[in-house]
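Single-structure report; data block below.
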């Protein structure tokens, strides 16, 4: 009987030891199999079971001193599953819309509409040059052709009392039709108009009478006058300025204005005359000024004439400054200078993506008839550029030079500016 009880007690002790080891949180066995965990009651036990370390040599997870095993541990670095909260990569964001499309609906994103200004000279040029030729000699046709070859026009001051003898009126009508200016050089070119004893009738005939005769013969009223020998009295100047837009002078009180003599009477050699004229033009361009040249005929015709080659060489020198120099008739430059201070450009949006340009100011409509150039600062570079149209819908030049959009318009005109349309390139991608 004693031996039977001893055997039973031994079996019970062995069984309890095994159960105690399983309840202590032992992991998978040595063969890697899973072990079922007992479901325990959540109520506290008055006699909690004792825990025992796993038997020596038995594999099992080490206790996590910082929390529940497997809950807060980092993901397996050897290729295990990643945590569920890792962000999923998204598609690349769509590219921003091109600036052209933005400006097509909000044009002030590309143009500073509040900073528009009138440029110093037409086309945004900083300096100007006008070439005048006196007396109306027959070689004026050659002079006109030389200027036309450069794309420019000259001014011819004629003496109406001698036209029939020298050229005839059809001659000047044809030159005027080619865009050159025909100006007033007094009726006879035989009276020194600086003589203070001249009668009012003589002054009126030489100045106003000559202007009226040219208008009758050519159908156009001369707007500028050049006095013979650059001589005039105070009264003669008063009459001329009242009846004309401008009087050609040797000096106008501006340091960057220069008068260049295109003759051989002021220099020893033709080479010196050309070098002097070229140097004067260079100074004018460098100082944003106005050069006015005065000559007569060419190639032996007229008083102290220069050669045709003289003109070609000088105009080639002028062409070097084409980006900064405006070459035009005396009247056109004088008109721009007179009208520019009278106006202020006004730019406002009229519709989505469109801006309207106008000129505001008090002026004589008979005086300010030529275009003035408005410059609008550009805030963004566009591959397509801009386009402009008049009130009637006709296309108008709109050119970006540097960081400014340039448009030219006459007082009373209205120009609409918008982004020019672009064609999609073959490599353009749309998302």
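The values are calculated or read from the model by the stated rules, or taken from the named source; none is laboratory data. Being a predicted model, the structure only gives us computed values, none of them experimental. Note that each Cβ is placed from the backbone with ideal geometry, even for glycine, and that neighbours are counted across all protein chains shown.
Is it the case that residue 333 is modelled with pLDDT of 95 or more, crowded, with 16+ Cβ neighbours inside 10 Å, part of a strand (DSSP E or B) and not assigned by TED's automatic domain parsing to the domain that holds residue 248? Here the answer is no, as residue 333 does not meet what is asked. When you go through 267, 288 one by one, which is the residue that is in contact (Cβ under 8 Å) with a residue 60 or more places away in the chain, surrounded by fewer than 19 Cβ atoms within 10 Å (Cβ to Cβ), assigned by TED's automatic domain parsing to the domain that holds residue 193 and assigned to a loop (DSSP other than H, G, I, E, B)? None of the others qualify; the one that does is 288. Annotation note: of 419, 357, the sole residue that is modelled with pLDDT under 90 and crowded, with 20+ Cβ neighbours inside 10 Å is 419. Among the residues examined, residue 277 qualifies as more than 25 Å from residue 172 (Cα to Cα), in contact with a helix residue (DSSP H, G or I) (Cβ under 6 Å, 6 or more places away or on another chain) and in a helix (DSSP H, G or I). When the stretch 345-371 is filtered for residues that are touching a helix residue (DSSP H, G or I) at 6+ places or on another chain (Cβ under 8 Å) and in a strand (DSSP E or B), the ones remaining, listed by number, are 347, 348, 349, 354, 355. For the stretch 116-130, the condition of being farther than 21 Å from residue 397 by Cα, assigned to a helix (DSSP H, G or I) and in contact with a strand residue (DSSP E or B) (Cβ under 8 Å, 6 or more places away or on another chain) holds for none of the residues.
I'm trying to understand the selection: among the residues of the stretch 167-181, which are out of contact with any strand residue (DSSP E or B) (no Cβ under 8 Å at 6 or more places or on another chain) and either assigned to a helix (DSSP H, G or I) or on the phi < 0 side of the Ramachandran plot (or both)? Within the stretch 167-181, 167, 169, 170, 171, 173, 174, 177, 178 meet the criteria. Looking across 205, 188, one residue alone is surrounded by fewer than 21 Cβ atoms within 10 Å (Cβ to Cβ) and either within 26 Å of residue 300 (Cβ to Cβ) or modelled with pLDDT under 95 (or both). It is 188.
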